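Chemist: One structure, as structure tokens, below. Some questions next.
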Amino acid sequence: MKKNENVRAIDYYASILKGTKFENDSREGLYIPYSEDFASTLGLPGKVGKFTAPNRIVYQPMEGQDADEIGNPIEITYNRYRDLARGGAGIIWVEAVSVCPEGRSNAHQLMITEENVPLFAKLAREIKDTCRDANGYEPIVIIQLNHSGRHSKPKGTPEPMIAHHIPERENPLMSEDRIVTDEYLTELKAKFVECSVLSERAGFDGVDIKCCHGYLYSELLSSFDREGIYGGEYEGRVRLLVDTVKEARKALKPDTILCSRLNVYDGYRFRHSFATDKDDSEKYDLTESIRLVGELEPYIDLLNITVGSPYYNSDVSRPYRVGVDVPPTNALRAEVRMFEAAREIHRAYPKLPCVNTGISGLCEKSPYAGAGMIAEDYTTFVGFGRMSFAYPSMAIDILKGRFDDKKCCVACSGCSTLKKNGLLSGCIIRNDMYKKIFREFRANNK
């Protein structure tokens, strides 16, 4: 539903706060772009390296946690991605895929190996074929590579591998042998490069070296106290990411897209927090983020910008106002902060295509904000995460000017709750299978 012409854009978006204690908060200084021309604006093609995305909509990487015990995609995985492919997004970003057994986030996370390249090739091929058959074009398909670090649960129970201690999150403090060695990290760099080449061989158009949301590469960015070559001063903390990107670029074919989903602001409410104002965790300081992107820019073709962590401050990275564990923060302010951080990075490097994040939190108003942000140069592409779980046909509906409010994400964070608890993950509102899984989980955890 578009806004009344007499209503300010920020007041239109502020309706997401209705029924919360923030409903009457001041909106002075807050701004989110607005455009009613969402079909044609989000339908514009966008260049990424040698590729051209058929539109500006990105389906963000969202873990379904439905691989088999050794990380192979199975039929439920293929079905999920076929549904997304029919949805018509210009870029489909395949969820986090582990590069090694010990780095899996759960017992059913995808993992790419020499042996299962054909299964991942089937996944990449089916995404492209399904979208082409349904919509007449192929999306750009990117695979995200990751090591879960502190959040590793390869057998379903925590087996953390940490970059440094976080006293505020460890009670009691973890043993020293949980801290990964410099030697391990150097070998891990080679593993990421190896898996990048395997992904290219499988037919993915691009590879993402994941560095966000408190996983291992991301945690290193705030390893202020770590000794050795991967911690301490800025150069040490960014070393593993920068070196991995450089080595991957050398190993991949020139036309293969190389990218990174990067936390440009952690916003954690403790000291080990990257790009965070030292006096106020709700404010970002992008000095190091902008410097880091400058080091990556010569080697990457696309930057996927994100913030926060679903483990530490989900209200920062995935603002929500209803549902599970409602946070004591203003979702509208969190949306504005995410969009403005992405805008600052984008305008610092205008030639580097970027994807912003968090727009699903605006629910039925998200197409208007997405079009507005493209029109006002906040970003190159608009990324939808939770919305793609709830409403997989969203992109093609937007492009045809028929966005259905009744199918959209309600920003309840139920899918995140399933993810954090190691369960099959999807929309608990729009999908009966995940609704049943969530109800059983709640019944067993009263």
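Chemist: Could you tell me whether any residue of region 178-188 is under 30 Å from Lys50 (Cβ atoms) and within 21 Å of the chain's Cα centre (by Cα)?
Modeler: Residues of region 178-188 under 30 Å from Lys50 (Cβ atoms): 188.
The next check asks that each one be within 21 Å of the chain's Cα centre (by Cα); those that pass are none.
No, region 178-188 contains no residue that is under 30 Å from Lys50 (Cβ atoms) and within 21 Å of the chain's Cα centre (by Cα).
Chemist: Only one of (1) in contact with a strand residue (DSSP E or B) (Cβ under 6 Å, 6 or more places away or on another chain); (2) more than 26 Å from Gly308 (Cα to Cα); (3) not small (Gly, Ala, Ser) fails for Arg201. Which number is that?
Modeler: (1)
Chemist: Here is a further query. For region 261-281, enumerate the residues that are acidic (Asp, Glu) and touching a Ser or Thr at 6+ places or on another chain (Cβ under 8 Å). Spell out how you get there, then give the answer.
Modeler: Quick first cut of region 261-281, residues acidic (Asp, Glu) only: 266, 277, 279-280.
Answer for region 261-281, where residues must be acidic (Asp, Glu) and touching a Ser or Thr at 6+ places or on another chain (Cβ under 8 Å): just Asp266.
Chemist: Considering only region 371-412, state which residues are of a type outside the set (A, V, I, L, M), farther than 11 Å from Ala89 by Cβ and in contact with an Asp or Glu (Cβ under 7 Å, 6 or more places away or on another chain). Talk me through it step by step, then tell me what you get.
Modeler: Initial filter on region 371-412 (of a type outside the set (A, V, I, L, M)): 372, 376-381, 383-386, 388-389, 391-393, 397, 400-409, 412.
If we keep only those that are farther than 11 Å from Ala89 by Cβ too, we end up with 372, 376-380, 385-386, 389, 391, 397, 400-409, 412.
Across region 371-412, the qualifying residues are Asp397, Phe403, Asp404, Asp405, Cys408.
Chemist: Got a sec? Which of Ser199, Ser175, Ser223 is without any contact (Cβ under 8 Å) to a residue 12 or more places away in the chain and either hydroxyl-bearing (Ser, Thr, Tyr) or surrounded by 16 or more Cβ atoms within 10 Å (Cβ to Cβ) (or both)? Break it down into steps so the answer makes sense when it comes.
Modeler: Details: Ser199 fails: without any contact (Cβ under 8 Å) to a residue 12 or more places away in the chain; Ser223 fails: without any contact (Cβ under 8 Å) to a residue 12 or more places away in the chain.
Step by step, each of Ser199, Ser175, Ser223 is checked, and only Ser175 is without any contact (Cβ under 8 Å) to a residue 12 or more places away in the chain and either hydroxyl-bearing (Ser, Thr, Tyr) or surrounded by 16 or more Cβ atoms within 10 Å (Cβ to Cβ) (or both).
Chemist: Let me ask you something else. Within region 389-446, can you find the residues that are in contact (Cβ under 8 Å) with a residue 12 or more places away in the chain, more than 29 Å from Tyr137 (Cβ to Cβ) and charged (D, E, K, R)?
Modeler: Lys419, Lys420
Chemist: Keeping to region 88-104, report how many residues are assigned to a loop (DSSP other than H, G, I, E, B), in contact with a strand residue (DSSP E or B) (Cβ under 7 Å, 6 or more places away or on another chain) and either closer than 18 Å to Ile396 by Cβ or among the small types (Gly, Ala, Ser) (or both).
Modeler: Kept after step one, since they are assigned to a loop (DSSP other than H, G, I, E, B), are these residues of region 88-104: 88-90, 99-100, 104.
Okay, now just the ones that are also in contact with a strand residue (DSSP E or B) (Cβ under 7 Å, 6 or more places away or on another chain), so 89-90, 99, 104.
Now drop any that are not either closer than 18 Å to Ile396 by Cβ or among the small types (Gly, Ala, Ser) (or both), which leaves 89-90.
Total meeting the criteria: 2.
Chemist: Give me a count of the residues in region 230-270 that are of a type in the set (Lys, Arg), at pLDDT 95 or above and in a loop (DSSP other than H, G, I, E, B). Explain how you work it out, then say what you get.
Modeler: From region 230-270, those of a type in the set (Lys, Arg) are 237, 239, 246, 249-250, 253, 261, 269; that's our starting set.
Going one step further and asking which of them are at pLDDT 95 or above, we end up with 237, 239, 246, 249-250, 253, 261.
If we keep only those that are in a loop (DSSP other than H, G, I, E, B) as well, we get 253.
Final tally of qualifying residues: 1.
Chemist: Shifting gears a bit: Out of region 219-249, which residues are under 27 Å from Thr52 (Cα atoms), touching a helix residue (DSSP H, G or I) at 6+ places or on another chain (Cβ under 8 Å) and not hydroxyl-bearing (Ser, Thr, Tyr)? Before you say what the answer is, go through the steps one by one.
Modeler: At the first step, the residues of region 219-249 found to be under 27 Å from Thr52 (Cα atoms) are 241-242, 244-249.
Retained after the next criterion (residues that are touching a helix residue (DSSP H, G or I) at 6+ places or on another chain (Cβ under 8 Å)): 241-242, 244-245, 247-248.
Result: Leu241, Val242, Val245, Glu247, Ala248.
Chemist: Next question. Among all residue pairs at least 6 apart or on different chains, which show Cβ distances below 8 Å where the first residue, located in region 349-364, is farther than 21 Å from Met394 by Cβ and the second is assigned to a helix (DSSP H, G or I) and hydrophobic (A, V, I, L, M, F, W, C)?
Modeler: Tyr349/Val293; Leu352/Val293
Chemist: Pick out the one residue from Ser40, Ser98, Ser35, Ser105 that is surrounded by fewer than 19 Cβ atoms within 10 Å (Cβ to Cβ) and hydroxyl-bearing (Ser, Thr, Tyr). Can you show your working first?
Modeler: Values: Ser98 fails: surrounded by fewer than 19 Cβ atoms within 10 Å (Cβ to Cβ); Ser35 fails: surrounded by fewer than 19 Cβ atoms within 10 Å (Cβ to Cβ); Ser105 fails: surrounded by fewer than 19 Cβ atoms within 10 Å (Cβ to Cβ).
Only one candidate qualifies: Ser40.
Chemist: What tally of residues in region 67-78 results from selecting those that are in a loop (DSSP other than H, G, I, E, B) and touching a residue at least 24 places away in the same chain (Cβ under 8 Å)? Quick ask: steps written out before the conclusion?
Modeler: Residues of region 67-78 in a loop (DSSP other than H, G, I, E, B): 67-74.
Pick out the ones that are also touching a residue at least 24 places away in the same chain (Cβ under 8 Å) and you get 67-73.
Number of matching residues: 7.
Residue-by-condition table, conditions (1) farther than 20 Å from Glu183 by Cβ; (2) over 18 Å from the mean Cα position of the chain (by Cα); (3) of a type in the set (Gly, Ala, Ser):
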| position | (1), (2), (3) |
| --- | --- |
| Ile92 | yes, no, no |
| Val99 | no, no, no |
| Asn116 | yes, yes, no |
| Lys128 | yes, yes, no |
| Arg132 | yes, yes, no |
| Ile140 | yes, no, no |
| Ser148 | no, no, yes |
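Chemist: Is region 256-277 home to any residue that is without any contact (Cβ under 8 Å) to a residue 24 or more places away in the chain and surrounded by fewer than 17 Cβ atoms within 10 Å (Cβ to Cβ)?
Modeler: Yes, some residue in region 256-277 is without any contact (Cβ under 8 Å) to a residue 24 or more places away in the chain and surrounded by fewer than 17 Cβ atoms within 10 Å (Cβ to Cβ).
Chemist: Between a residue in region 205-216 that is on the phi > 0 side of the Ramachandran plot and any residue that is crowded, with 24+ Cβ neighbours inside 10 Å and among the β-branched types (Val, Ile, Thr), which pairs come within a Cβ distance under 8 Å, given they are 6 or more apart or on different chains?
Modeler: The qualifying pairs are His213/Thr306.
Chemist: Among residues belonging to region 278-296 that are outside any helix (DSSP H, G or I) and surrounded by fewer than 14 Cβ atoms within 10 Å (Cβ to Cβ), point out the one that is farthest from the chain's Cα centre (by Cα).
Modeler: Looking at residues that are outside any helix (DSSP H, G or I) and surrounded by fewer than 14 Cβ atoms within 10 Å (Cβ to Cβ), I get Asp279.
Chemist: Please state which one of Gly90, Gly156, Gly64 is in contact with a Gly (Cβ under 7 Å, 6 or more places away or on another chain), under 22 Å from Ile300 (Cα atoms) and in contact (Cβ under 8 Å) with a residue 40 or more places away in the chain.
Modeler: Values: Gly156 fails: under 22 Å from Ile300 (Cα atoms); Gly64 fails: under 22 Å from Ile300 (Cα atoms).
When all the criteria are applied, what remains is Gly90.
Chemist: Could you tell me which numbered condition Asp315 fails, if it satisfies all but one of (1) within 30 Å of Ile429 (Cα to Cα); (2) without any contact (Cβ under 8 Å) to a residue 24 or more places away in the chain; (3) more than 15 Å from the chain's Cα centre (by Cα)?
Modeler: Status for Asp315: all satisfied but (3).
Chemist: Another question about this same structure. Restricting to region 128-140, name every residue that is in contact (Cβ under 8 Å) with a residue 12 or more places away in the chain, surrounded by fewer than 23 Cβ atoms within 10 Å (Cβ to Cβ), under 19 Å from Pro45 (Cα atoms) and not charged (D, E, K, R).
Modeler: Once the filter is applied, which keeps residues that are in contact (Cβ under 8 Å) with a residue 12 or more places away in the chain, surrounded by fewer than 23 Cβ atoms within 10 Å (Cβ to Cβ), under 19 Å from Pro45 (Cα atoms) and not charged (D, E, K, R), region 128-140 yields Ala134, Asn135, Tyr137.
Chemist: Another one. Take residues that are modelled with pLDDT of 95 or more and either within 18 Å of the chain's Cα centre (by Cα) or surrounded by fewer than 23 Cβ atoms within 10 Å (Cβ to Cβ) (or both) and tell me which of the helices (runs of 4 or more DSSP H) falling wholly in region 328-446 contain 2 or more.
Modeler: Filter on region 328-446 gives 331-348, 366-375, 386-390, 394-399, 432-444.
Chemist: OK, next. Check Ala85, Ala124 and return the single one that is in contact (Cβ under 8 Å) with a residue 60 or more places away in the chain, small (Gly, Ala, Ser) and not in a loop (DSSP other than H, G, I, E, B). Explain how you work it out, then say what you get.
Modeler: Values: Ala85 fails: in contact (Cβ under 8 Å) with a residue 60 or more places away in the chain.
Criteria check complete, one pass: Ala124.
The values are calculated or read from the model by the stated rules, or taken from the named source; none is laboratory data. Worth saying up front: this structure is predicted, and the values here are computed from it rather than measured. Because the Cβ atoms are built from the backbone with ideal geometry, glycine has one as well, and the counts that use them run over all protein chains shown.
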